[in-house]
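See structure below.
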Amino acid sequence: MTFRISRRLLGLILMSAGSLAAHAHGGPQRPAAMADHAPAQQVGVSPWGPDDEIGRLNLITPQSRAAVLSRLKGDKVYDLATDYYVGMPSWQDAGDPKYQFWMTHTPRGTEIDDPMGVGRDMNTARSYTGTAFSMYSHTGTHIDALNHFGIHGKIWNGFAADEHLGDRGWKRGGIEKFPPLIARGVMIDVAAAKGVEELPDQYRITRQDLKAALARQKTTLHSGDIVLIRTGRMKHYGDPKAYMANPPGMGLDAARYLVEEGGAMIVGADNLSFETFPSEVADDYVPLHTYLLAQQGVPIIELIALDELSRDKVYEFAFIGGPLKIRGGDAAPLRPVAIPLR
């Protein structure tokens, strides 16, 4: 797909080489029909050098970890991960495999099959249960690696599919390169700020929505934060069709605000796509993924459970978690926790 956009929008999302700040241009946005004359988008070039594969995760340092861990209250821990269950929300309508779970060993079955050759009496005494599961990598609470979306065959920092992608995944930019995620976390409760349990279908969160919610919470963003957006969509997680249907999500200008002004290191939300559809950009069906992953080096967390934090009005916390180290992977399951800060 060829990505062509208006000059103003291009100015908003293109990065200069060696900088994470996008160029901002004034003036009204040109109509989509004029976009054919705009130059093509490019992936971001890392200020951390030509070998960088983790983007803004370089903001995690021994000092930043120590700073947040020194403030732990420790009296309560919030689990931000979803359950995995057969029939759970997934991208199977797009052709991706649904979550599957099956038994490989059962206590009574091993008595009969004796798979380990230890005899019926031993199998009866030592009841053996084993299971297996399979799924698309973007299922349940997960984090996207920077190779998940790119531009014209290239991903963050210019790594190219023609050179760096083999039959066993990406040789550069895989999820296994991510460090453990320990940082200040901030939840922006947009649904609560608007006085609703859940934002309306296909609602596109704006920059002003984020600012209003932050003001209501009396919360300030800091460079290197993991910023999580609550839409209220998680209330439907047990009803896959309802959860997947026309979810609300972030707008591009709102994402730019989080990264370029707020300094976010990672962004995430309680929906499945972070952004909403249809796209607000005529020739990019996933403009937020393009901007965040390919141009800014910002990983995206999806399907993160925030309702308990909302109930207790916990907006600032230590975020602690890490993805499975799937070599060459473009995403991995994540089991994050939030620990309130003093």
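The values are calculated or read from the model by the stated rules, or taken from the named source; none is laboratory data. These figures come from a predicted structure and were not determined experimentally. Note that we place each Cβ from the backbone using ideal geometry, even for glycine, and neighbour counts take in every protein chain shown. All accessible areas refer to the heavy atoms of the entire protein, side chains included, with ligands and DNA or RNA removed. Shrake-Rupley method; radii C 1.70, N 1.55, O 1.52, S 1.80 Å.
Before moving on, here are some points about what is shown:
- Gyration tensor over alpha-carbon atoms, segment 272-324, equivalent ellipsoid semi-axes in Å: 27, 15, 10
- Each other residue within a Cβ distance under 14 Å of residue 107 adds +1 if Lys or Arg and -1 if Asp or Glu, for a net charge of -1.
- Pairwise FRET efficiency - residue 208 versus residue 327, Cβ, R0 = 35 Å, nearest 0.05: 0.25
- From phi via Karplus (6.51, -1.76, 1.60), per-residue ³J(HN,Hα) for segment 69-76 in Hz, x at Gly/Pro: 5, 6, 10, 4, 6, x, 7, 8
- Spatially proximal lysines relative to residue 235 (Cα-Cα < 30 Å; intrachain offsets below 8 disregarded): 73, 76, 98, 194, 211, 218, 313, 325
- Residue-normalised accessible area of the chain, given per residue in Å² at a 1.4 Å probe: 46
- Amide proton proximity set for residue 188, modelled H, under 5 Å, gap of 5+: 228, 229, 230
- A simple rule links phi to the HN-Hα coupling: the Karplus curve 6.51 cos²θ - 1.76 cosθ + 1.60 with θ = phi - 60°, which for segment 191-196 gives 4, 5, 4, 8, x, 10 Hz, with x for Gly and Pro.
- Distant alpha-carbon pairs in segment 120-223 (separation over 25 angstrom), percent: 56
- The chain, helix-only ellipticity at 222 nm - DSSP H runs n ≥ 4, -39,500 (n - 2.57), divided by all residues, nearest 500: -4000 deg cm²/dmol
- Proximal aspartates and glutamates to residue 154, defined as alpha-carbon separation beneath 20 angstrom and excluding residues fewer than eight positions away on the same chain: 51, 52, 53, 144, 162, 163, 167, 176, 283, 284, 330
- Considering segment 232-342, its Cα convex hull presents a mean projected area of 8.4 nm².
- For the peptides 53-61, 174-182, the ranking by mean Cβ contacts within 10 Å, running from highest to lowest, is 53-61, 174-182.
- Chain lengthening between residue 241 and residue 92 when straightened (0.36 nm per residue, less Cα-Cα): 52.5 nm
- With the convex hull of the Cα atoms taken as the outline of segment 171-224, the averaged projected area works out to 6.0 nm².
- Take every pair of alpha-carbon atoms less than 8 Å apart whose residues are at least six positions apart; their mean separation over the length of the chain yields a relative contact order of 26 percent.
- Additional length obtainable on full extension of the chain from residue 283 to residue 197, 0.36 nm per residue less Cα span: 27.7 nm
- Kirkwood Rh and Cα Rg combined as Rg over Rh, evaluated for the chain: 1.02
- Expressed as a whole percent, the accessible surface of the chain that belongs to carbon and sulfur atoms is 53, based on a 1.4 Å probe.
- Efficiency of FRET between residue 121 and residue 220 - r from beta-carbon atoms, R0 45 angstrom, step 0.05: 0.10
- Global dimensions of segment 32-135 from alpha-carbon coordinates: Rg and Dmax equal 25.7, 78 Å.
- Coupling constants for segment 153-166 follow from the phi torsions by the Karplus curve (6.51 cos²θ - 1.76 cosθ + 1.60, θ = phi - 60°), and in residue order they are x, 10, 10, 2, 6, x, 5, 10, 4, 5, 10, 10, 10, x Hz; glycine and proline get x.
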